[in-house]
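Nothing in this text is a laboratory measurement; each read-out follows from the coordinates by a stated rule. Keep in mind that this is a model prediction, so the values were computed, not measured. Heads up, the Cβs are rebuilt from the backbone with ideal geometry, glycines too, and the neighbour counts pull from every protein chain shown.
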Amino acid sequence: METKEFKMFGYNAEKLSLAYGIFLIAWGLLVSMISGSNSLTSFIPSFIGLPIFIFSLLSILLTNRKKLFMHIVVFLIILAALGGFDVFRSFPGLFSNFWGDLSKLMLLLSGSFFTYVNVKSFIEVRKNRET
């Protein structure tokens, strides 16, 4: 019997998380350069993206430890999403700090989406294990 793997856009959760890590690293670097920010806080997406990238890569390379690494990835992605909720502190002056608020909103939306993707993947793995 063939095990069915959860995929979105033709990619499994590990590869999507790897891409998400790269996206976060690039986002933090680009926003810091574009905005001319000298603050370390503008690199927060990169700081979150680097371990997501590393643990996603490890889950692909070391398949015997994939479960552990992907649980770490999901924990980090949830932290990204939760950190994005800070955007609501900016009301009513939302986007008065355009790049900062945009980064927070991006973390909230993308972190929520990738949490959903990984939870769906975990559910599919559990279904396959039960059958």
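So what's the chain giving for Cα Rg divided by 2.2 N^0.38 Å, two decimals?
1.16
Reachable aspartates and glutamates from Lys15, Cα under 19 Å, same-chain residues fewer than 8 places away excluded?
Glu5, Glu124
Which net charge results when you count Lys and Arg as +1 and Asp and Glu as -1 among the other residues whose beta-carbon is under 13 Å from that of Gly100?
0
What does the net charge come to around Phe85 if you take all other residues with beta carbon closer than 14 Å to its beta carbon, with K and R at +1 and D and E at -1?
For residues surrounding Phe85, the net value is 0.
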